[in-house]
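The values are calculated or read from the model by the stated rules, or taken from the named source; none is laboratory data. If you're wondering where the values come from, they're calculated on a predicted model, not measured in any experiment. Virtual Cβ from ideal backbone geometry, glycine too; neighbours counted across all protein chains shown. Just the protein is used for accessible areas: all its heavy atoms, side chains included, with ligands, DNA and RNA removed. Shrake-Rupley method; radii C 1.70, N 1.55, O 1.52, S 1.80 Å.
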Amino acid sequence: MKKTTDLGRRRVLGMMGTAAVAACGLGTSPDITPCAAAAPTKKVLGDPRVRGPFPILSTPYTQSGEVDFDVLGRQAQFVDWCGSPGMIWPQSGDSVDLLTMDEKLKGMDVLAKAMKGRTSALCLGVQGNTTEEMLVYAKHAEKLAPDAIISRPPDSGKTQEDMRKYWYALAKVVHRPVIIQTTGGTQYRGPAPSVDLLIELGKEFPHFGYVKEEAADTMERMRKLLAARPAIKRIFSAAGGFGWLHQCRIGSEGLVTERAVYADLLAFIWKSYDEGKLAAANDAFAKLLLMLNLKDTIPGNQLRGYHLYVWQKRGIFKNTLSRQHGPKDSIPKKPVLSDMKLTPDMIEEIDMRFESLAPYLKKGKFA
């Protein structure tokens with residue numbers, strides 16, 4: 001290997017080793033940071049707009065339990081204002097399982113209109129219990145021409161062949177990058193799509209090969225997928241973002257998680273890491289973990305829960321209401337609402353930790 005900068009040497013020798021560099025298929029040129037997210041001026045596989053943090057929007061509700069579409073559109077514009085490369089909806093369990101088809105289709109319309117002419121990429125979620133249901137969402141989304149599509153396994157799927165047929169059908173009706181989520185929702189009981197299937201899809205369809213990887217053995221699966229470049233164009237970290245920077249160092253080039261309320265912090269972490277400013281990225285990531293680790297002391301849904309209070313604090317959400325699943329993750333016939341209750345000491349702790357994010361948050365006030 002030719003002589004590299006001290007930063008490059010530390011990253012190659014201290015974090016990965018020569019063998020890992022070769023596995024990533026990025027070469028050992030001193031002009032390329034091995035196994036790290038390539039800077040914008042360097043070669044990027046796939047669509048360069050589908051890269052970086054793509055936080056999932058949290059679904060807001062009115063006091064009566066209806067979807068608050070005005071706040072949903074405002075939330076998307078807030079994420080754009082924060083400088084996030086992209087955003088996703090609907091994708092989490094609260095927006096996929098607990099919304100009606102009409103609510104999801106209308107939400108897609110609202111977001112397409114809200115994001116028209118803006119910078120952040122819009123990615124719409126298309127999945128269903130069956131292939132036929134998924135195709136209803138896919139065809140509607142395609143008419144709205146978002147920047148990307150994301151899809152998780154069919155709830156009724158049981159085998160690799162079920163998923164193959166499902167995503168082959170999707171490939172025929174959409175013509176933009178498709179991110180495959182490797183886990184299903186609360187209703188899915190089947191296996192994760194195999195690495196071989198993901199590679200097959202990437203080879204067969206030029207708009208596939210983007211993967212949100214969060215199945216068991218995530219790190220090993222990521223390494224195998226990265227070795228299959230260029231069929232695999234992009235790996236996104238997930239599972240709350242707890243392993244994001246470690247995964248960046250082996251080749252992840254983005255993050256998908258329901259953390260949109262911290263969109264500017266995520267954008268800062270990504271930009272710092274992408275530019276090789278590791279100290280800044282690590283420090284900001286530590287502050288993100290400080291917020292996320294509140295899940296250990298404040299009860300509730302870790303994807304929404306106390307983060308809804310932060311949404312209120314940032315002036316976007318009007319309340320902290322959520323729809324809930326029924327017993328054993330069942331879907332109630334009518335929406336079941338809950339409101340998060342925080343004690344004074346919980347609020348004090350959230351406020352204190354949120355204040356530590358100030359150096360990394362967008363300056364000014366969103367309007």
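A few notes on this one:
- Residue in the stretch 286-295 that is farther than 11 Å from PRO55 by Cβ and in a loop (DSSP other than H, G, I, E, B) present: no
- Flag set for SER322, criterion: among the small types (Gly, Ala, Ser), open to solvent by less than 60 Å² (accessible area, probe 1.4 Å), in contact with a strand residue (DSSP E or B) (Cβ under 6 Å, 6 or more places away or on another chain) and at pLDDT 95 or above.
- Verdict on ALA280 being of a type in the set (Gly, Ala, Ser) and surrounded by 23 or more Cβ atoms within 10 Å (Cβ to Cβ): no
- Condition broken by GLY305, with the remaining ones in (1) in contact (Cβ under 8 Å) with a residue 40 or more places away in the chain; (2) closer than 20 Å to GLY240 by Cβ; (3) among the small types (Gly, Ala, Ser); (4) open to solvent by less than 50 Å² (accessible area, probe 1.4 Å) satisfied: (1)
- Counting only helices (runs of 4 or more DSSP H) that sit wholly inside the stretch 1-87, those with at least 2 residues that are open to solvent by 60 Å² or more (accessible area, probe 1.4 Å) and at pLDDT below 95 are 6-9, 18-24.
- Hits in the stretch 177-222 (condition: open to solvent by 10 Å² or more (accessible area, probe 1.4 Å), among the β-branched types (Val, Ile, Thr) and either closer than 21 Å to GLN247 by Cα or in contact with a Phe, Trp or Tyr (Cβ under 8 Å, 6 or more places away or on another chain) (or both)): THR183, VAL195, ILE199, THR218
- For the stretch 63-79, the count of residues that are touching a residue at least 60 places away in the same chain (Cβ under 8 Å), of a type in the set (S, T, N, Q) and over 30 Å from LYS363 (Cβ atoms) is at least one.
- Among all positions in the stretch 133-156, there is at least one residue which is crowded, with 23+ Cβ neighbours inside 10 Å and charged (D, E, K, R).
- Residue in the stretch 262-269 that is under 21 Å from ASP80 (Cβ atoms), open to solvent by 10 Å² or more (accessible area, probe 1.4 Å), at pLDDT 95 or above and not acidic (Asp, Glu) present: yes
Rundown of residues vs (1) part of a helix (DSSP H, G or I); (2) in contact with a helix residue (DSSP H, G or I) (Cβ under 8 Å, 6 or more places away or on another chain), yes/no style:
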{"residue": "LYS104", "(1), (2)": "yes, yes"}
{"residue": "ARG118", "(1), (2)": "no, yes"}
{"residue": "PRO146", "(1), (2)": "no, yes"}
{"residue": "LYS158", "(1), (2)": "no, no"}
{"residue": "GLU161", "(1), (2)": "yes, no"}
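- When residues of the stretch 92-116 are limited to those that are under 20 Å from THR130 (Cβ atoms) and among the β-branched types (Val, Ile, Thr), the one surrounded by the most Cβ atoms within 10 Å (Cβ to Cβ): VAL96
- Near pairs, Cβ below 6 angstrom, 6+ apart or cross-chain, from the stretch 275-297 (at pLDDT 95 or above) to any residue that is small (Gly, Ala, Ser): ALA280/SER272; ALA281/SER272; LYS287/SER356
- With respect to (1) open to solvent by less than 10 Å² (accessible area, probe 1.4 Å); (2) part of a helix (DSSP H, G or I), the lone exception for ILE316 is condition (2).
- So LYS365, is it in contact (Cβ under 8 Å) with a residue 12 or more places away in the chain, exposed (fewer than 14 other Cβ atoms within 10 Å of the Cβ), in a loop (DSSP other than H, G, I, E, B) and among the charged types (D, E, K, R): yes
- Long-range neighbours under 6 Å by Cβ, at least six apart or interchain, first residue in contact (Cβ under 8 Å) with a residue 12 or more places away in the chain within the stretch 162-176, second assigned to a helix (DSSP H, G or I) and of a type in the set (Val, Ile, Thr): TYR166/THR131; ALA169/THR131
- Residue in the stretch 326-335 that is exposed (fewer than 13 other Cβ atoms within 10 Å of the Cβ), of a type in the set (Val, Ile, Thr) and part of a loop (DSSP other than H, G, I, E, B) present: no
- Scoring PHE236 on the criteria (1) surrounded by fewer than 21 Cβ atoms within 10 Å (Cβ to Cβ); (2) touching a Lys or Arg at 6+ places or on another chain (Cβ under 6 Å); (3) of a type in the set (A, V, I, L, M, F, W, C) leaves a single failure, condition (1).
- Matching residues, the stretch 88-100, being in a helix (DSSP H, G or I) and of a type outside the set (A, V, I, L, M): GLY93, ASP94, SER95
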